[in-house]
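> For reference, the structure I am asking about is given below.
The values are calculated or read from the model by the stated rules, or taken from the named source; none is laboratory data. Note that the structure is predicted; figures quoted are calculated from it, not measured. As a convention, Cβ positions derive from the backbone with ideal geometry for all residues, glycine included, and neighbour counts pool all protein chains shown. Remember, those area values only see protein heavy atoms, side chains included, never the ligands or the DNA or RNA. Shrake-Rupley method; radii C 1.70, N 1.55, O 1.52, S 1.80 Å.
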Amino acid sequence: MDYSNKDFEICHDCDRGLCKCAIGKQDRQLNTYDWLADVPGNAESTDLVEVQFKHTRKGYYHNVNRLELRKGDIVAVEASPGHDIGVVTLTGRLVKMQLKKANIKSPDDIKRIYRIARPVDMEKYREAKSREHSTMIESREIAKRLGLQMKIGDVEYQGDCNKAIFYYIADERVDFRQLIKVLAETFHVRIEMKQIGARQEAGRIGGTGPCGRELCCATWMKNFVSVSTNAARFQDISLNPQKLAGMCAKLKCCLNYEVDNYVEAGRKLPSKEVTLQTKDADYHLFKSDILTGTLTYSTDKSVAANLEVITAERAKEVIEMNRRGEKPLSLQEDGKPKEAKQTADLLANESLSRFDKAKKKKKKSGKGNQNNAAAAEKAKPQAAEKPKQQQQKEGRQQQQKEGRQQPKADRPEQKAEQHRPKGPQGEGRQADGNRPAADKPRQPKGAGKRPANRQPRNNQQQNDRKEDSKD
C-alpha cells in the first residue's frame, strides 16, 4: 500500500506515553492497550477487528464494508442465526497477534461486520439484556427439578433475541438433552450450552484479588494453565489453603509466574540435608533466601540457636573442607571465631528515683511568683507557732498514755475532761468570767446527770395517761 500521497492525522496528546485513541473505554474486561494506535496507517493495514460482547466473550470479524471504526464503537456483526451487537475493542496490526493468542486458525470462524448499530438495533439489544437475569433464575429452578448436578452461572442473549447461551459449571459429565428441550419450550429461543470452569466463572464475574489489583482472569489472561502445590514448594511458600486459594477457590494462577526463576536460582544452593561442621559445633540449615542466595544455619535442627547467615558460595567452601576432613573455626568468610556479643546494661548509670525528682521540680516550677511570696510570708508565723503546737501535741499524747495506765475507777474523770469543749485557741472555755476552764474543780462521778427524783419523759407520759384513765 502506498502512503506517500496521503495526509495522516497524528495524535499529539501522548505526553505521558498513553494515547487516548489507544485506551478507549476501561469499563470492560480483557481490555487491551493499542500501542500502535497513533502510528500512521495502522487501521488500514488489515481489515480484522476485535469485538467484545458480554463479560469476557470476544470475537474477530472482517470489516468488509471498510467502515471507519474506532475503539468503543458499537457494531452489528454476523451471527448464526441473525446478528449480534458488540463493542469494538481493537483494530489494526495487534488484532493478528490476538488471533494467535485465541488459537483461531480456520477462516470460517472469522465472520463479518454488518454496520454500526442503529437505534432500532439498540432497542432490541436492551430488551434482550433485560431478560437475562430472570431467565437465569428460572433455568436454575428447572435444572433443580430435573435433578441435574450442575450450576447455571450466567445467561447471555444474542442482540436480536433469537438465541441464548447458558454457561454452566459441573464437576462431572451431565446429560442435559432433556434440559435443552424444556428451556426451548419455556423461553422460545435457540439454546446453546457452554461448560466453563471455576476460573472462567471468576473472570466473567470479575473482582479484586488479595494483591489489591483486578483479577488477572478478568483483565488479560485467556488461556489457563494447571497450577499445582509444587509451585508453592519451590518458592518456600507455606502450604496454607486459605492463602494459596484465589477468588475461584482454586490455586492462584500467579503461583506460576515466578516459579521458573525460583527453580533456576534454587539449583545454585547446596542440599538442605548437608550439615556444616566447624570446630565449635555442627550447623544445620534453618532457612534459605533463594533469590538473594543467602542461607541461615542453626546449631539445633528444630530451634533457632546461634544463627549464622552466610552465602551459598561460603557454604559450598565449608562442605568441600569437610569432605577433605578439615573443619574451619567458624562459618564466616575470614574463618575467625565469632565474637560473643556482650549485653549492655542500659540502666547502669541511672537512678531509680530519677523520675521522682523530675516530678518535684515540675511542681516547684509550676507555682507563680505571687504564690511563692505568699508562702514565704505564711512560713514566718508558722515557724514561731510550731514549737507551741508541738508542745500541745506532746502533752495530749502523754495524757492519753496516763489514762490508759490508770485503773477503771479513775477513767471517767479523764473522759469527762476530754469531752469538754475547747476554745478556738486550744484552751478550755472560761466558766466564771476570768476563771479559765482548767482551774475549775472536777465534778464528782455522776455530776450533770438528771436528778434521781425526776422521771424520764416517757415514764411521766405513761403515768399521766394512767391517771386520766382512772378519772
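> Among the residues of region 116-134 satisfying the criterion of being over 41 Å from the mean Cα position of the chain (by Cα) and surrounded by 15 or more Cβ atoms within 10 Å (Cβ to Cβ), which is nearest to Ala37 (Cα to Cα)? If you could, list the steps in order and put the result at the bottom.
Taking region 116-134 and keeping what is over 41 Å from the mean Cα position of the chain (by Cα), we get 116-125, 127-128.
Filter once more, so that each one left must be surrounded by 15 or more Cβ atoms within 10 Å (Cβ to Cβ): 116-117, 121, 124-125, 128.
Working: Ile116: 20, Ala117: 23, Asp121: 28, Lys124: 32, Tyr125: 29, Ala128: 33 Å.
Residue satisfying both the conditions and the ranking: Ile116.
> Still on this model: Across region 148-198, which residue is modelled with the highest pLDDT among those that are more than 25 Å from Ile85 (Cβ to Cβ) and acidic (Asp, Glu)?
Residue satisfying both the conditions and the ranking: Glu185.
> Which one of Ala376, Ala340 is modelled with pLDDT under 90 and not in a loop (DSSP other than H, G, I, E, B)? Even if it seems obvious, please write down each step before you answer.
Values: Ala340 fails: not in a loop (DSSP other than H, G, I, E, B).
Answer to the selection: Ala376.
> Is it the case that region 256-265 has a residue that's more than 30 Å from Arg213 (Cα to Cα) and in a loop (DSSP other than H, G, I, E, B)?
Within region 256-265 (the criterion being more than 30 Å from Arg213 (Cα to Cα) and in a loop (DSSP other than H, G, I, E, B)), the answer is no, since none of the residues qualifies.
> Taking region 183-193 as the region of interest, how many residues are outside any strand (DSSP E or B) and surrounded by fewer than 17 Cβ atoms within 10 Å (Cβ to Cβ)?
Matching residues across region 183-193 total 4.
> Could you list all residues from region 243-279 that are among the charged types (D, E, K, R) and open to solvent by less than 50 Å² (accessible area, probe 1.4 Å)?
Within region 243-279, just Lys252 meets the criteria.
> Looking at (1) open to solvent by 70 Å² or more (accessible area, probe 1.4 Å); (2) at pLDDT 85 or above, can you tell me which one Phe8 breaks?
Result: Phe8 fails condition (2) only.
> Looking at Arg57, Arg70, Arg66, Arg93, which is the one that is closer than 20 Å to Asn162 by Cβ and modelled with pLDDT of 85 or more?
The unique qualifying residue is Arg57.
> If you don't mind, another one. For a quick check of your reading of the model, give me the residue pairs whose first member lies in region 81-102 and is part of a helix (DSSP H, G or I), whose second is open to solvent by 10 Å² or more (accessible area, probe 1.4 Å) and among the hydrophobic types (A, V, I, L, M, F, W, C), with beta-carbon atoms closer than 7 Å and at least 6 apart or on different chains.
Note: pairs meeting the criteria are Leu94/Leu36; Val95/Leu48; Lys96/Leu48.
> Criterion first (modelled with pLDDT under 80, on the phi < 0 side of the Ramachandran plot and not basic (Lys, Arg)) does Ala22 satisfy it?
yes
> Looking at Ile142, Ile74, Ile113, which is the one that is touching a strand residue (DSSP E or B) at 6+ places or on another chain (Cβ under 7 Å) and either closer than 30 Å to Asp175 by Cα or open to solvent by 50 Å² or more (accessible area, probe 1.4 Å) (or both)? Explain how you work it out, then say what you get.
Details: Ile142 fails: touching a strand residue (DSSP E or B) at 6+ places or on another chain (Cβ under 7 Å); Ile113 fails: either closer than 30 Å to Asp175 by Cα or open to solvent by 50 Å² or more (accessible area, probe 1.4 Å) (or both).
Going through Ile142, Ile74, Ile113 in turn, just one is touching a strand residue (DSSP E or B) at 6+ places or on another chain (Cβ under 7 Å) and either closer than 30 Å to Asp175 by Cα or open to solvent by 50 Å² or more (accessible area, probe 1.4 Å) (or both): Ile74.
> On the basis of being among the β-branched types (Val, Ile, Thr) and under 21 Å from Arg204 (Cα atoms), does Ile165 make the cut? Can you show your working first?
On the way: among the β-branched types (Val, Ile, Thr): yes; under 21 Å from Arg204 (Cα atoms): yes.
Considered against the rule, which asks whether it is among the β-branched types (Val, Ile, Thr) and under 21 Å from Arg204 (Cα atoms), Ile165 comes out as yes.
> In addition: Please state which of the following conditions Ser238 fails to meet, knowing it meets all the rest: (1) hydroxyl-bearing (Ser, Thr, Tyr); (2) modelled with pLDDT of 90 or more; (3) open to solvent by 60 Å² or more (accessible area, probe 1.4 Å).
Result: Ser238 fails condition (2) only.
> Considering only residues that are open to solvent by 10 Å² or more (accessible area, probe 1.4 Å) and either in contact with a His (Cβ under 6 Å, 6 or more places away or on another chain) or assigned to a strand (DSSP E or B) (or both), which ones fall in region 150-164?
Listed by number, the residues that qualify are Lys151, Gly153, Asp154, Asp160, Lys163.
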